[in-house]
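Participant: Can you read through this structure? Questions will come right after.
The values are calculated or read from the model by the stated rules, or taken from the named source; none is laboratory data. Nothing here was measured: the structure is a model prediction, and the numbers come from that model. A quick note on method: Cβ atoms are made from the backbone with ideal geometry, for glycine too, and the neighbour counts reach across all protein chains shown. In case anyone asks, the SASA skips ligands and DNA or RNA and just uses the protein heavy atoms, side chains included. Shrake-Rupley method; radii C 1.70, N 1.55, O 1.52, S 1.80 Å.
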Amino acid sequence: MSTGSTGEIASEELRSEQEFVARVYARLGWLQEAAEQSAQSALAQVGTGRQARLERDVAVQEKGRLVAELNGVENGLVFGRIDLNHPDNLVEERDNFHIGRIGIRAEDRDRTPLLIDWRADVARPFYLATSHVPMGLRRRRHITMKGHEVVDLHDEILDLTDEERTGFEDHNGDAVLLAALNAARTGRMGDIVQTIQAEQDRIIRAPHRGVLVVEGGPGTGKTAVALHRAAYLLYAQRELLAKRAVLIVGPNPAFLGYIGEVLPSLGETGVLLATIGELFPGVAATGEDTQAAAEVKGRAAMAEVLAEVVRDRQSVPDEVLEIDHEDHGTLLLDRAMAEQARAHAREMDLPHNLARPYFAFRIVDALTEQLVERIGADPFGGPNLLGPDDMAQLGRDVATSAAVHSAVAELWPELTPQQLVREFLADPVGYLPAADAELIRRTSGPWTLSDVPLLDEAAELLGVDDSAERARQEAERQRRIEYAQGVLDLSFASRTYEFEDKEELDEDAAEVLSAHDIIDAERMAERQEEADLRSAAERAAADRTWAFGHIIVDEAQELSAMAWRLLMRRSPTKSMTLVGDPAQTGDAAALGSWASILAPYVGDRFEHVRLGVNYRTPSEVMDLAAAVLRTVHPSLEPPRSVRSTGVPPRFVPVSESELASRAGELVAEFLPEEGRLAVIAPRELHAELAGHLPEVTPGVPDLTHRVVLLDARQSKGLEFDNVLVVEPGVLLTSDLYVALTRATQRLGVLYSSSLPKGLAEAVAR
């Protein structure tokens, strides 16, 4: 910063921004307090009847959600300002706008914006303007805050003819970005709202239609872009997406915990974050499959296999099934009768459980006909002696027979997805080749992530016969209407009784509206129904058939064909953003190219964009990772790193017996003063390594700890200040590529076995 008059100007600029920020926080505090008071006031409302309770609960929920949104954006609320070059051409003739996490008005009734939401169109030049294309700006200011205090300013001059100087000019324009990239990691992903780059902004604001594929190598900000795209879509398509919700699918629970604070920090709380294993309500996928078993379960052919399993549950007797009817002796159900009933039910083209009543009806009809012939046959060959009423009674006897119900259940059982998949996994022989059947055979144990798409497929094949529940609900609805009608009748009678004669009633009726004048019994009954006060995301989490307004999939290249079938069911409009990197594919069940993933659903009607700049990984580390990648994929071009630390990766050879103890020593050396260190090692080494590492236990990693132990696939999408990769020779190339590119500062490699080609060449150099 310059001295003298320039220093005075700079001080004044800093003071002016601090005053503005204080004003914004004062306004935010007022909004927070008003929302909290409103929530408390709603909670304290006293009323009688369901309607009063309903209104209170809805108000409490809405105000509570607003409080959460306002509280979430408090950190770094104001981060930028754009100074306009030609204010005369703009509404309200303002010469600048401050940019923040949310939009805030100066006053409740004043539509003048105090702070502009980063997603608003007027804010877009903050991310896209350059000196070559200034987009009407003369200056862009980045405001750096700590708590509620402004600690630094960085100004970029976009109109080169502007001679005004503030003392905060950033001549290369990258200071704020580099500061963010070099900041110590916290174990939680931070938003990039202050440093969104132009190529990222174009993807974030891409039109809300169809499938958008965002491909990019390590550190290109794919995940951050996807999350900010979710926030942008919720802003731009609020009415639609607030009702249908946005689903964000991540590779594992640790990853979801890592990204979980980003959207709340942008003022968005109504998004469902889930893994594939969490998308079948009522099922907890806590088990693990081998890679080979997961590959078999993930094949597209499993859909037809399960369909065949369902068809096999629609059986017919080999010969004759004898049914003991308590009133009419033994009924005989032969193969031909059952085949005709089965053919009729299948012709309905309904899921198994929904087609079951049609099968049962045909069986009942056939057995009733048999009984009518037996009882009413004329011994002299004449017409049947039973009348229509007698035949109807026999039909009711057959339909209500426990023995007949048992026979139908044996031939066409009502099934649950869990029951069907359990039975299939216990005995898959006959549906799969012997080797594949043996890989997936399991008679007990918890559900796995690869089981969930099978359960979802089974649910589609089976359906749910909810006719009895719907009948119960309709009966309850009619009961409420009758009750409401009684209340209205009583109200009208009471109102009439107040008047002494008909003339008085007629005169007053013109001025006073009774309940009959404003509401009928059916509407009154509807008001008494208990409202579902859950958010759209909460309701979606509990409903397997929910249709989301938009779906974002991170590490999309890893999903199996069966997982894609599950996701596509949840997006009938095929409005999706898919984020991934084919070079990081490690799952054997993955489909590979984007075309092979999407062809069955949208053909070639998808947009594909690529991010090519690595903001995370220093060039010294990225060059090493690229060398490893090219040994298998020589044509793949890794992303270009934007920075260098000057610290090359460190290789540490040890004997196998020293591996764990040496890892502990290196952790003490590599642990940064601030930030996080990841030890990435094959899963089979975790138990031994954990004994030598501080704060570490095997299992689901706690990313808030300063030292974290993971395997390569658990580390996908994550980043740490420093990384120690253990026994890289044991890892697949794609997994090693992932592990090597998690560091933002330093990389160490500890090994006792031979190194893969790319690493061995680096050591030799």
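Participant: Based on the mean of other Cβ atoms within 10 Å per residue, sort peptides 618-629, 323-334 so the most packed one is first.
Facilitator: Averaged packing, sorted descending, gives the order 618-629, 323-334.
Participant: Would you mind pulling out the separation of the Cα centroids of segment 345-424 and segment 594-668, in Å?
Facilitator: Between the Cα centres of segment 345-424 and segment 594-668 lies a distance of 64 Å.
Participant: Taking all protein chains together and a probe of 1.4 Å, list Met135, Met568 from the most accessible to the least accessible.
Facilitator: Largest to smallest exposure gives the sequence Met135, Met568.
Participant: At a temperature of 37 °C and a viscosity of 0.692 mPa s, determine how fast segment 204-265 diffuses translationally according to Stokes-Einstein, using the Kirkwood radius over alpha-carbon pairs as Rh; express D in µm²/s, rounded to the nearest whole number.
Facilitator: 256
Participant: Continuing with this model, one more query. Convex hull over the alpha-carbon atoms of segment 306-455: what's its volume per residue in Å³?
Facilitator: Convex hull of Cα atoms, per residue: 137 Å³.
Participant: Using the 2.2 N^0.38 Å rule of thumb for compact globular proteins, work out how segment 243-394 stacks up: its C-alpha Rg over that value, please.
Facilitator: 1.81
Participant: As a test of reading the structure, rank Phe606, Phe361, Phe548 by solvent-accessible area (1.4 Å probe, protein chains only), most first.
Facilitator: Highest to lowest solvent-accessible surface, that is Phe361, Phe606, Phe548.
Participant: By how many nm would the segment from Asp162 to Arg374 grow when fully extended, if each residue of separation counts as 0.36 nm and the alpha-carbon distance is taken off?
Facilitator: Using 0.36 nm per residue and subtracting the Cα-Cα distance, I get 65.8 nm.
Participant: Same structure again: Using all alpha carbons of segment 584-651, what is the percent of pairwise distances in each 10 Å bin, ordered from the shortest bin to the longest?
Facilitator: 17, 34, 31, 14, 3
Participant: Something else: Treating only the Cα positions of segment 175-221 as identical point scatterers, give the base-10 log of I(q)/I(0) from the Debye formula at each q in 0.15, 0.23, 0.26, 0.32 Å⁻¹.
Facilitator: -0.52, -1.02, -1.16, -1.34
Participant: To one decimal place, what orientation-averaged projected area in nm² is obtained for the convex hull of the Cα set of the chain?
Facilitator: 50.3
Participant: Given segment 121-275, report the % of alpha carbon pairs whose separation exceeds 25 Å.
Facilitator: So the portion of pairs separated by more than 25 Å is 38 percent.
Participant: About the Cα centre of segment 345-447, what is the dipole size in debye to 20, counting +1 per Lys and Arg Cβ and -1 per Asp and Glu Cβ, all else neutral?
Facilitator: Charge dipole, segment 345-447, about its Cα centre: 380 debye, nearest 20.
Participant: Rounded to the nearest 10 degrees, what's the angle between the helix 417-426 long axis and the longest principal axis of the chain, both from Cα atoms, 0 to 90?
Facilitator: 80
Participant: Given the C-alpha atoms of segment 236-287, compute the convex hull and give its volume per residue in Å³.
Facilitator: In segment 236-287, the Cα convex hull volume per residue is 87 Å³.
Participant: Please determine, in degrees from 0 to 90 and to the nearest 10, the orientation of helix 659-670 with respect to the longest principal axis defined by the Cα atoms of the chain, where the helix direction is its Cα long axis.
Facilitator: 50
Participant: Ranked from highest to lowest mean number of other Cβ atoms within 10 Å per residue, what is the order of the peptides 384-392, 757-765?
Facilitator: 757-765, 384-392
Participant: Related question: Taking 4 °C and 1.567 mPa s as the conditions, I'd like the Stokes-Einstein D for segment 524-621 in µm²/s, using the Kirkwood hydrodynamic radius from alpha carbon pairs.
Facilitator: Using the Kirkwood radius from Cα pairs, D works out to 79 µm²/s.
Participant: Sticking with this structure for a sec: Among DSSP beta bridges lying fully in the chain, give the percent that are antiparallel, nearest 5.
Facilitator: 35
Participant: Working from Cα positions, state the angle (0 to 90°, nearest 10) between the long axis of helix 388-399 and the longest principal axis of the chain.
Facilitator: Here the helix axis deviates by roughly 50 degrees.
Participant: Percent relative contact order of segment 113-179, based on C-alpha pairs within less than 8 angstrom and at least six residues apart?
Facilitator: 23
Participant: Which loop GluC sites (Glu not before Pro) in segment 126-172, with loop taken from DSSP, have no more than 10 other Cβ atoms within 10 angstrom of their Cβ?
Facilitator: For GluC sites (Glu not before Pro) across segment 126-172 that sit outside H, G, I, E and B with at most 10 neighbouring Cβ atoms in 10 Å, the list reads Glu163.
Participant: Further question on the same structure: Where the accessible area of the chain is counted over protein heavy atoms with a 1.4 Å probe, how much of it, in %, is carbon and sulfur?
Facilitator: The value for the chain is 51 percent carbon and sulfur by accessible area.
Participant: Segment 637-765: D in µm²/s via Stokes-Einstein (Kirkwood Rh, Cα pairs, 37 °C, 0.692 mPa s)?
Facilitator: Calculated translational D: 223 µm²/s.
Participant: Determine the per residue accessible area of the chain with all protein chains present and a 1.4 angstrom probe, expressed in square angstrom.
Facilitator: 48
Participant: Assuming R0 = 60 Å, can you tell me the calculated FRET efficiency for the pair Asp327 and Arg539, based on Cβ-Cβ distance, to the nearest 0.05?
Facilitator: After rounding to 0.05, the efficiency reads 0.80.
Participant: Using only the heavy atoms of the protein chains and a 1.4 Å probe, how would His344, His86 rank by accessible area, largest first?
Facilitator: Largest accessible area first, the list is His86, His344.
Participant: In what sequence, highest mean first, do 69-82, 288-301, 245-258 appear when ranked by Cβ atoms within 10 angstrom?
Facilitator: 245-258, 69-82, 288-301
Participant: How far, in nm, would the chain grow between Arg311 and Ala198 when pulled straight, counting 0.36 nm per residue and subtracting the alpha carbon separation?
Facilitator: 35.3 nm
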